[in-house]
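Here is the structure we will look at, set down as structure tokens.
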Amino acid sequence: MPIYEYWCDDCGPFTAMAPLARYAEPCDCPACAAPAPRVLMTAPKLSAVSSATRKAHETNERSADSPKKSAHGPGCSCCSGGAGAKINPGTLYRPDGSKSFPKKRPWMISH
């Protein structure tokens, strides 16, 4: 529940917690029990974060049913192995279709 500020004519300002649904209703003063109207005496506190922090929060809050999507469509030649795909020059393709990386990590087994 948020904390609201109220002004009692007899006792002065005070704060009280109230549900959002009752934000416009007066509150009884804790000292004299007279109804006091809600007032804005201080400026609202706004959250000001950097764009990097905001983007990180947005990424963390993205739901599972709306993941980030690639701009490339199906059959994209740059990332799906089409005609324009870049072939790694360090990869050796054998006649049986298996791959080998003779210049890179000889201890790794290709998949």
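The values are calculated or read from the model by the stated rules, or taken from the named source; none is laboratory data. All of these numbers come straight from a predicted model, not from anything done at the bench. All Cβ positions, glycine included, derive from the backbone under ideal geometry; neighbour counts span all protein chains shown.
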Subject >> Test result for residue 94, at pLDDT below 90 and basic (Lys, Arg) >> reply: yes
Original post:
Do we find that residue 10 is at pLDDT 80 or above, exposed (fewer than 11 other Cβ atoms within 10 Å of the Cβ) and acidic (Asp, Glu) in this structure?
Top reply: yes
Original post:
If residue 68 passes every condition in (1) over 23 Å from the mean Cα position of the chain (by Cα); (2) at pLDDT below 85 but one, which one does it miss?
Top reply: (1)
**OP:** Give the number of residues within segment 30-45 that are aliphatic (A, V, I, L, M) and more than 10 Å from residue 7 (Cα to Cα).
**Re:** 4
